[in-house]
1. Looking only at region C:192-205, how many residues end up being crowded, with 17+ Cβ neighbours inside 10 Å, assigned to a helix (DSSP H, G or I), at pLDDT 80 or above and not polar (S, T, N, Q)?
2. If a residue has to be in a helix (DSSP H, G or I) and under 16 Å from A:CYS83 (Cα atoms) to count, how many in region A:231-244 make the cut?
3. For region A:185-200, give me each residue that is out of contact with any strand residue (DSSP E or B) (no Cβ under 7 Å at 6 or more places or on another chain) and either at pLDDT 95 or above or basic (Lys, Arg) (or both).
4. Return the residues of region A:160-186 that are within 19 Å of the chain's Cα centre (by Cα) and assigned to a helix (DSSP H, G or I); say none if nothing qualifies.
5. Please verify whether A:VAL164 is closer than 30 Å to C:MET190 by Cα and assigned by TED's automatic domain parsing to the domain that holds A:ASP49, treating the condition exactly as stated.
6. Being within 30 Å of A:LYS6 (Cα to Cα), more than 7 Å from chain B (Cβ to nearest Cβ) and more than 25 Å from the chain's Cα centre (by Cα) is true for just one of C:ILE147, C:ILE155. Which residue is that?
7. Would you call C:GLN41 more than 7 Å from every other protein chain (Cβ to nearest Cβ) and among the polar types (S, T, N, Q)?
8. If I filter region C:164-171 for residues that are among the hydroxyl-bearing types (Ser, Thr, Tyr), more than 28 Å from B:PHE29 (Cβ to Cβ) and buried (at least 18 other Cβ atoms within 10 Å of the Cβ), do I get at least one hit?
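The values are calculated or read from the model by the stated rules, or taken from the named source; none is laboratory data. These figures come from a predicted structure and were not determined experimentally. Heads up, the Cβs are rebuilt from the backbone with ideal geometry, glycines too, and the neighbour counts pull from every protein chain shown.
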Amino acid sequence: MSWAEKVLQIDRRWIFLAIAIAVTIPFFLPLGLPVVITPPVQSLYDAVDELEPNAAPLLLSIDYAPATLPELEPMSMAILRHCFAKDVNVVVMTLHPAGYGLAERAVLNAAEEYDAVYGEDFAFLGFQPGVSAVILGMGINIRNVFPADAYGAPVDDLPVLQGVRNYDDIPLVISLAGWSAAEAWVYYAHQPYRQTVGAGVTAVMATDFYPYLDAGQLVGLLGGMRGAAEYEGLIQRPDQGVRGMDSQSVIHLLIIVLIAIGNAAYFISRRKKTP
Amino acid sequence: MTFIWTTIGALLTLSIYSFLYKDNPFYKFAEHLVVGVSAGYYLVIYYFNYIHPNVFSPVFLLEIGGEPIGFGSFLWWMALIPGLLGVLLYARFFPKIAWVGRWALGIYVGGYAGLGLSPVMQARVIEQLRANALSIAGVEDPFAAMTNLALAVGIFAAMIYLLIAKRNLGAKNPLAKVGVLVVSAVVAYGGWLVLSLISSAGVVSLTNILLVIGLLGTLSYFFFSMKHKGILGGLARVGIVFLMVGFGASFGYTVMSRISLLIGRVGFLIDWVGQIRGIFGA
Amino acid sequence: MMRRQIPLALCFIFGVFMTIQYFIPHHTIADMQERVLMWLQTLLAFAFLLGTVSLIKLHYHKIRNRADDRGYSFVALTGLVTMMALGFFHPQHNLPGSPFSLMFLNVQVPIEATMFSLLAFYIASAAFRAFRARTLEATLLLVAACIVMLGRVPIGDMIHEGIPQATRWILEVPNLASKRGVMIGVGLGMMATSLKIILGIERAWMGGGD
């Protein structure tokens, strides 16, 4: 067996080990590489930044499940911190049942950092099933869909939602999702009600969202952990996203090297077989 | 206390990673545990966030959001009927009466199909065609115009490739053909609206030509299943190039996504080790 | 009649109503729409819980039939019962810090998140084994993927400033074009499927039998 064939038949657990080492080392030896801001992230940041303080709230739909947590939770933290730092009111909800606990954790943690007051600066409406039915229903009246917040307090008792009836009173909706919920906001809030919508999605989904971005159906887009890292850079509060970028760099390089070795070994072994 | 919970999370995380070496009881334990726990979690969340306030409470406790309602009142019926329909879905577990579940399913399937029709057409078809048309119009910088033109050609080429490759629908049933005709008519109408909008804005004719080609190409999706020949075949080749570069971008992003998930978990484990060191003063 | 025609008729009526209500800006229609939306939500909630019943049935049968791996079925059912107990019998289960919430955040979240992160290892292994520049198309895909992988991480900027620029071009031109083509094609397919369902041509949702 030639060396090329040996390389091709390597036990995959060696590759697993290489990946594990490559992801861990940068945590202990940070490279501190700067993260350049891209236009889709900048435009979402600008849309949030332009919101009036202590006025109509941003509606943040935290629609992700644990499976996509590392990509999307840094986004919710960054956006919530941005809002609380600027005194922009936030209403949080979720279209995914698992989003209930994750949304609650994100908003309470961020609120604690900035001493934001529940009911006055932010509210958590909880979960409602039915995606499209929920989004359309909120276009008629939010109270029909969410008569009370997640803890049972009537929506009318929450100062942050006073005078907020439907999308006419919400300047911006942002959906953070690892599934089709972000698209559903485009279909059912942007199309029928012309609601301004922004999205944060996993990197897997991000390339599919460029048509919406280009057509103006989305005001901005965060794609994966890199998108979160850029947003963290914009609010000058580096956290999980920025921390992950060093490992991301190292592993991407490693995978490219693996692809190159795999191809080289494949073509060499094939040439030897067909003299 | 927090540390104990974090440790449980960390040990479960390590149990899952043990699968990388080979399948083992720790992995199987964690895998089955999460199936049960998540099902229980979802059940409770669905019940308390929706079924209790909107079905159970009005029907049995006679109140909605703390306000009393009358037994047999309009609101009572409006909570009871969907609740009963929901219960009908469970008839599937009893083969003899399984068919009753179809009544509820009919409303559900039809309702959601109707709900999606117009927004999907707007968001995925009309807006996309319009955005594409506008991107060529009114651009003075020749490089930008070339880029946009490439964009337009790429989209239509990719579509035509898909049309030929997919041979969608295969309408054998005459009723299906009616459905297809209706879709086509709606699409043609949408396209015509877009066209008139653009021509009224005095946009270059190139845009219109491309749009017409695109529209015809799109409609051919429903009517033809052709071979890769002639102009269509050439366009389809261009389409493949665009599709492949697009898939390449998707693959790169998919790698990025998966790696991010790993980074998140490794970060969690490293923080946990930090906590242990903090507690034991190492 | 009861078994096939009525479900089809209901499907048609609700489908047509939900399609046309967008075009009739009248408060009566809006009120009806509100009701129908709630009905759909209710049905979805009940439908979702069907899965839980199936899950219980599956594991119950495994235990009753003394299957070899019935121990794991016990684990699954114990997890389910524990969460239900913590949810239904703990009066403040919905508050942060409740045992219900802690179980979710420290059992369900880490396991689910980790399971999906395993894919990182498999995609790396697959890239090494299967990602070959055999044809022109495959080479295009491979080159685009490598440029994007480099261009979206900070180290790409360090190597050459052209890499992030090329990445941006790939995303905003060929990627956008092909994704838009797919989007329109799939969108038309989705519309056709919806129409077929509403018109009763597509009946797979009714299942078999009479």
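1. Here is the first cut: in region C:192-205, the ones crowded, with 17+ Cβ neighbours inside 10 Å are C:192-202.
In the following step, the residues that additionally are assigned to a helix (DSSP H, G or I) were identified as C:192-198.
Within this subset, residues satisfying the condition of being at pLDDT 80 or above are C:193-198.
Checking which are not polar (S, T, N, Q) leaves us with C:195-198.
Count: 4.
2. The number of residues fulfilling the criteria is 4.
3. Taking region A:185-200 and keeping what is out of contact with any strand residue (DSSP E or B) (no Cβ under 7 Å at 6 or more places or on another chain), we get A:187-188, A:191-194.
Answer for region A:185-200, where residues must be out of contact with any strand residue (DSSP E or B) (no Cβ under 7 Å at 6 or more places or on another chain) and either at pLDDT 95 or above or basic (Lys, Arg) (or both): just A:ARG194.
4. Our first condition is that a residue be within 19 Å of the chain's Cα centre (by Cα); within region A:160-186, this holds for A:172-186.
Once the filter is applied, which keeps residues that are within 19 Å of the chain's Cα centre (by Cα) and assigned to a helix (DSSP H, G or I), region A:160-186 yields A:ALA181, A:ALA182, A:GLU183, A:ALA184, A:TRP185, A:VAL186.
5. On the way: closer than 30 Å to C:MET190 by Cα: no; assigned by TED's automatic domain parsing to the domain that holds A:ASP49: yes.
It is false that A:VAL164 is closer than 30 Å to C:MET190 by Cα and assigned by TED's automatic domain parsing to the domain that holds A:ASP49.
6. Details: C:ILE155 fails: within 30 Å of A:LYS6 (Cα to Cα).
After ruling out the rest, the residue left standing is C:ILE147.
7. Numbers: more than 7 Å from every other protein chain (Cβ to nearest Cβ): no; among the polar types (S, T, N, Q): yes.
No: the conditions fail for C:GLN41.
8. Step one: filter region C:164-171 for residues among the hydroxyl-bearing types (Ser, Thr, Tyr), giving C:167.
Keeping just the survivors that are more than 28 Å from B:PHE29 (Cβ to Cβ) gives C:167.
Next, from what is left, pick out any that are buried (at least 18 other Cβ atoms within 10 Å of the Cβ): C:167.
The answer is yes, given that some residue of region C:164-171 is among the hydroxyl-bearing types (Ser, Thr, Tyr), more than 28 Å from B:PHE29 (Cβ to Cβ) and buried (at least 18 other Cβ atoms within 10 Å of the Cβ).
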